[in-house]
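The values are calculated or read from the model by the stated rules, or taken from the named source; none is laboratory data. None of these values were measured; they are calculated from a predicted model. Cβ sites come from the backbone with ideal geometry, for glycine too, and all protein chains shown count toward neighbours. For accessibility, only protein heavy atoms count, side chains too; no ligands or nucleic acids. Shrake-Rupley method; radii C 1.70, N 1.55, O 1.52, S 1.80 Å.
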Amino acid sequence: MWRELAPIGRDPGSRGYRRYAWTGADGDCRNWFRTQAADRGLRYEVDRNGNQWAWLGDPDAGNAVVTGSHLDSVPDGGAFDGPLGVVSSFAALDELRDRGAEFARPLAIANFGDEEGARFGLACVGSRLAAGQLTREQAHALVDADGVTLPQAMERAGYDPDAIGADPERLARIGAFVELHIEQGRALDLTDHPVGIASAIWPHGRWRFDFAGEANHAGTTRLADRRDPMLTYAATVLAARRAAEDAGAVATFGKVAVEPNGVNAIPSLVRGWLDSRAVDQGTLDAVVTAVEAAARERAGRDGVELAVVRESFTPVVDFPHALRDEIARILGGSGSGSGSDPGSDPGSVPVLGTGAGHDAGILSAAVPTAMLFVRNPTGVSHSPAEHAAEDDCVAGVRALADVLEGLACRSS
Ligand code: GLV
Ligand code: MN
Ligand code: MN
């Protein structure tokens, strides 16, 4: 499976993945998923929001156990964020069949569309639409950097953008959703465990800061006469770092657009996107308020106009304790640790929180969800350097198979 996926959407220069929603690379990933489903005799379907499903057993029987993740990527993403969950799902099913498992509940593998939000700026579009957390009108208003709207992109990829929207009947089929994912930090590496269980996802969001100044000549405009939004932007980046440090949170300006983007021109506009996350909502609110206040203060001094728009927000997710405890029991032990502390009991599977967003977090508002994490020895993610060792990936597949067996199969 990895060999087939490896070349899809990989940039030859950076060696990173550029699998953006509704592009050719995304389509190739989707074809790969469909082939995997067919190869295993699974019933394949695409829902109204373009999420893919591969079913073993009758979807309409209800109380299904669903696993899966996403196949799209951030710009120059790694191989594992998303695909590890989908590949492991198919591999876990193969493992269960090898074990001769008898299924008492329907099982499905899902690939949720546009998880990273790399193209349209909003993460988890497929699961948000399904869960009714994003309306069709809101989704239709999304536009990519080239001015292509989400409905245009869907249409070009052969999907019907008018069909998108809440999908409560489909979600009502699900009794439990378990997403396996590479860990995106080093919490597991600091323990001696290849696999952990998620406790919670930090609240997180994206804010767009538009700094509008005045375009002018870089060689002839006196410094005192400039209204340079790059200065305001730069000061705001530093303020975000300070606010995050003070609060024990994280804040990142990882994307910026400059107009007119000329070497010898003072910019007329700098647009920067703030991604910020914190352990609780109060802390996150305080960080963003502090960043905005610093930006406004500096904008006043620079003669720059500032507009701040919150483009997305995901509240804290505390994964349901009953499912989490059952998974810990299946994996042998009671689970140890909580929050961002994975605990140190060597007999128990670590339980850890994360600052990364996931479809499992979105779906948790509608169905019982849980997550398994696979050790990431460097913690690097959203980068071509993202890595998990093969033995750990195999341990992840076995753990997922154990969990699916415990939840969905008759005990032999
Ligand atoms: C998705 O990976 C996110 O946390 O932004
Ligand atoms: Mn990601
Ligand atoms: Mn992911």
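Okay, here's what the table says:
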{"quantity": "Count of segment 374-388 residues which are more than 13 Å from ligand 2 (Cβ to nearest atom) and touching a strand residue (DSSP E or B) at 6+ places or on another chain (Cβ under 9 Å)", "calculated": "5"}
{"quantity": "Residue in segment 54-64 that is within 16 Å of ligand 3 (Cβ to nearest atom), open to solvent by less than 10 Å² (accessible area, probe 1.4 Å) and under 24 Å from Ala163 (Cα atoms) present", "calculated": "no"}
{"quantity": "Pair list, Cβ < 9 Å and 6+ apart or interchain, from segment 367-387 residues that are open to solvent by less than 30 Å² (accessible area, probe 1.4 Å) to residues that are within 16 Å of ligand 1 (Cβ to nearest atom) and of a type in the set (Ser, Thr, Tyr)", "calculated": "Ala370/Ser364; Met371/Thr354; Phe373/Thr354"}
{"quantity": "All positions within segment 201-218 that are part of a strand (DSSP E or B), within 16 Å of ligand 3 (Cβ to nearest atom) and among the hydrophobic types (A, V, I, L, M, F, W, C)", "calculated": "Ile201"}
{"quantity": "Given (1) free of Cβ contacts under 8 Å to residues at least 60 places away in the same chain; (2) within 16 Å of ligand 3 (Cβ to nearest atom); (3) over 28 Å from Glu390 (Cβ atoms), number of the condition Tyr44 does not satisfy", "calculated": "(2)"}
{"quantity": "When residues of segment 243-258 are limited to those that are touching a residue at least 24 places away in the same chain (Cβ under 8 Å) and surrounded by fewer than 18 Cβ atoms within 10 Å (Cβ to Cβ), the one farthest from Ala200 (Cα to Cα)", "calculated": "Val258"}
{"quantity": "Options Gly333, Gly343: the member that is under 30 Å from Ala64 (Cα atoms) and at pLDDT below 95", "calculated": "Gly333"}
{"quantity": "Residue identified as modelled with pLDDT of 95 or more, open to solvent by 10 Å² or more (accessible area, probe 1.4 Å) and either within 16 Å of ligand 3 (Cβ to nearest atom) or touching a Gly at 6+ places or on another chain (Cβ under 6 Å) (or both) among Glu95, Glu102, Glu116", "calculated": "Glu116"}
{"quantity": "Qualifying residue in segment 183-193 (condition: buried (at least 21 other Cβ atoms within 10 Å of the Cβ), within 13 Å of the chain's Cα centre (by Cα), assigned to a strand (DSSP E or B) and in contact (Cβ under 8 Å) with a residue 24 or more places away in the chain)", "calculated": "no"}
{"quantity": "Residue match in segment 24-35 (condition: within 22 Å of the chain's Cα centre (by Cα), closer than 25 Å to Cys124 by Cα, among the polar types (S, T, N, Q) and assigned to a loop (DSSP other than H, G, I, E, B))", "calculated": "no"}
{"quantity": "Count of segment 71-84 residues which are assigned to a loop (DSSP other than H, G, I, E, B), within 10 Å of ligand 2 (Cβ to nearest atom) and not charged (D, E, K, R)", "calculated": "5"}
{"quantity": "Residue under evaluation Val351, criteria (1) surrounded by fewer than 17 Cβ atoms within 10 Å (Cβ to Cβ); (2) more than 16 Å from ligand 3 (Cβ to nearest atom), criterion not met", "calculated": "(1)"}
{"quantity": "In segment 354-409, residue farthest from ligand 3 (Cβ to nearest atom) [restricted to those that are among the charged types (D, E, K, R) and assigned to a helix (DSSP H, G or I)]", "calculated": "Glu405"}
{"quantity": "Subset of segment 67-84 [more than 13 Å from ligand 1 (Cβ to nearest atom), more than 13 Å from Trp2 (Cβ to Cβ) and surrounded by fewer than 24 Cβ atoms within 10 Å (Cβ to Cβ)]", "calculated": "Asp76"}
{"quantity": "When residues of segment 123-162 are limited to those that are touching a residue at least 12 places away in the same chain (Cβ under 8 Å) and among the hydroxyl-bearing types (Ser, Thr, Tyr), the one surrounded by the fewest Cβ atoms within 10 Å (Cβ to Cβ)", "calculated": "Thr135"}
{"quantity": "Test: residue in segment 221-229 that is modelled with pLDDT of 95 or more, open to solvent by 20 Å² or more (accessible area, probe 1.4 Å), more than 30 Å from Val397 (Cβ to Cβ) and touching a helix residue (DSSP H, G or I) at 6+ places or on another chain (Cβ under 7 Å)", "calculated": "yes"}
{"quantity": "Filtered residues of segment 278-304 (kept if open to solvent by 40 Å² or more (accessible area, probe 1.4 Å) and either in the same structural domain as Gly357 (by TED's automatic domain parsing) or touching a helix residue (DSSP H, G or I) at 6+ places or on another chain (Cβ under 7 Å) (or both))", "calculated": "Ala286, Ala290, Arg298"}
{"quantity": "Condition met for Leu180 (at pLDDT 95 or above, in a helix (DSSP H, G or I) and surrounded by 19 or more Cβ atoms within 10 Å (Cβ to Cβ))", "calculated": "no"}
